[in-house]
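*Asks:* My structure is below; once you've seen it, I'll send some questions.
Only the coordinates and a few stated rules stand behind these numbers; no lab work does. Just so it is clear, the model here is predicted, and its values are computed rather than measured. A quick note on method: Cβ atoms are made from the backbone with ideal geometry, for glycine too, and the neighbour counts reach across all protein chains shown.
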Amino acid sequence: MVQEAVQAVKEAEAKAEAILRDAQEQSENLISQAKEEAGTIREQAAAKAKEQSSQRMQKAKEDGERILKEAVAEAKKEADALKALAAQEEAKAIEAVTSGLV
C-alpha cells in the first residue's frame, strides 16, 4: 500500500513535469510566433511609411514644378510689360528729341 502510494506520487510528479514541459514549450512557441508577427507588422509599417513618404515627395516635387512654371510665366509677363513700357518711353524720347531739333 505504501509502495502504491509512492508509485502514485511518482506518476503524479511525472505527469506534472510533462504538463510543465508542454506549457513551457507552448509558451516559447507563442513568444516566437509573436516575435515573428511583430517583425512582419514592423516591416509592413515601414514599407507603408516609405510609400507614403515617396508619394508626398512626388507631390511636393510636382507642386514645386507647377509653382516654378507659374513664377516663370508671371516674370515673363512682367518683363514683356516692362519692355512695352520702355518702347513707349523710347518712342516719346525720340519724338521729344526730334521735335526739339525741328
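*Asks:* On the basis of being exposed (fewer than 10 other Cβ atoms within 10 Å of the Cβ) and part of a helix (DSSP H, G or I), does T40 make the cut? Lay out the reasoning, then the answer.
*Replies:* Working: exposed (fewer than 10 other Cβ atoms within 10 Å of the Cβ): no; part of a helix (DSSP H, G or I): yes.
So T40 does not fit the description; no.
*Asks:* Check A5, A23, A45 and return the single one that is exposed (fewer than 10 other Cβ atoms within 10 Å of the Cβ), out of contact with any strand residue (DSSP E or B) (no Cβ under 8 Å at 6 or more places or on another chain) and in a helix (DSSP H, G or I). Spell out the reasoning first.
*Replies:* Values: A23 fails: exposed (fewer than 10 other Cβ atoms within 10 Å of the Cβ); A45 fails: exposed (fewer than 10 other Cβ atoms within 10 Å of the Cβ).
The unique qualifying residue is A5.
*Asks:* Quick one: is A91 over 21 Å from the mean Cα position of the chain (by Cα) and in a helix (DSSP H, G or I)?
*Replies:* On the way: over 21 Å from the mean Cα position of the chain (by Cα): yes; in a helix (DSSP H, G or I): yes.
Considered against the rule, which asks whether it is over 21 Å from the mean Cα position of the chain (by Cα) and in a helix (DSSP H, G or I), A91 comes out as yes.
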